[in-house]
Amino acid sequence: MHRHFPKAALRGELVVTAPPAVQLDGQADRLSPGARIHGAQNMLVMSGALVGQDLTVNYLRDAAGLVSEVWILNPEEARERRAGAQPARNFLFSSEVNTTPRDDGKTPFNQLPVYPQQ
């Protein structure tokens with residue numbers, strides 16, 4: 001049996017820790033309410049039955065960013081190439097921030113920029 005996965009599906013390593021909490025590629029993540037997990041034979045599998053197993057999967061996220069659909073891959077499917085998710089950050093390092101000079105409110109009046117009068 002050959003399964004066809006959506007083009008948007010990403011590859012990852014999934015470990016179900018305590019449903020709905022999971023680890024995806026070593027990062028803490030969460031299954032969406034109503035998430036579907038398809039086993040290697042394409043039958044639905046309950047997340048509680050997978051606790052502690054390290055699985056190679058294809059997955060999709062919903063609009064909220066939660067993992068909504070998972071396909072557990074058999075060895076043949078796991079050999080096929082597929083892109084993984086790019087690491088995401090919700091912060092910037094100070095070296096990445098735009099470092100243009102800013103007025104801190106303490107600039108003396110005679111050093112403020114002068115605008116042409118009309």
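Taken together, the values in this text are just the output of simple stated rules run on the coordinates, not laboratory data. Remember, it's a predicted structure, so these values are computed and weren't measured experimentally. With ideal geometry, Cβ positions are generated from the backbone for all residues, glycine too; neighbour counts draw on all protein chains shown.
Listed values, structure above:
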{"item": "Ordering of 5-16, 24-35 by packing [mean C-beta count within 10 Å, highest first]", "result": "5-16, 24-35"}
{"item": "Positive minus negative residues near S32 (Lys, Arg vs Asp, Glu; Cβ under 13 Å)", "result": "0"}
{"item": "Loop trypsin sites (Lys or Arg not before Pro), region 33-83 (other Cβ atoms within 10 Å of the site Cβ: 13 or fewer; DSSP)", "result": "R81"}
{"item": "Two-site label geometry, H4 and A28: point separation in nm, points 7 Å out along Cα→Cβ", "result": "4.0 nm"}
